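Laboratory data are not the source of any read-out in this text; all were calculated from the coordinates shown. All values reported here derive from a predicted model rather than from experimental measurement. Cβ sites come from the backbone with ideal geometry, for glycine too, and all protein chains shown count toward neighbours.
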Amino acid sequence: MDAEISLFYKTARKAEAIARAVTPDNVKVPLGLFIKTTRQENRVITRIKCETRLETFMATIDDLLSAVSVAEKTLSAVKAH
């Protein structure tokens, strides 16, 4: 199973902040799971490849989108202050 999730932001700076927030360093993923997040201008692209169970694939997407949501809310809160 493969997925490519693209998220678009108003600025490259915001896209960079989101990409960094959802790309923690030194994280081990289960065997058979590949995740890579990059930024291209104002776009954050995450590629997911899962060679295991559908549940793992769906949970990975859910975790990613939750992390993005938290990062977006954090940036909004910081901007508001």
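Number of residues in the range 1-51 that are under 22 Å from residue 79 (Cα atoms), in a strand (DSSP E or B) and among the aromatic types (Phe, Trp, Tyr): the value is 1. Against the condition on the phi > 0 side of the Ramachandran plot, surrounded by fewer than 17 Cβ atoms within 10 Å (Cβ to Cβ) and out of contact with any Asp or Glu (no Cβ under 8 Å at 6 or more places or on another chain), how does residue 41 come out, does it pass? For residue 41, the condition - on the phi > 0 side of the Ramachandran plot, surrounded by fewer than 17 Cβ atoms within 10 Å (Cβ to Cβ) and out of contact with any Asp or Glu (no Cβ under 8 Å at 6 or more places or on another chain) - is met.
State all residues of the range 1-47 that are free of Cβ contacts under 8 Å to residues at least 24 places away in the same chain and among the acidic types (Asp, Glu); if no residue qualifies, say none. Matches in the range 1-47: 16, 25.
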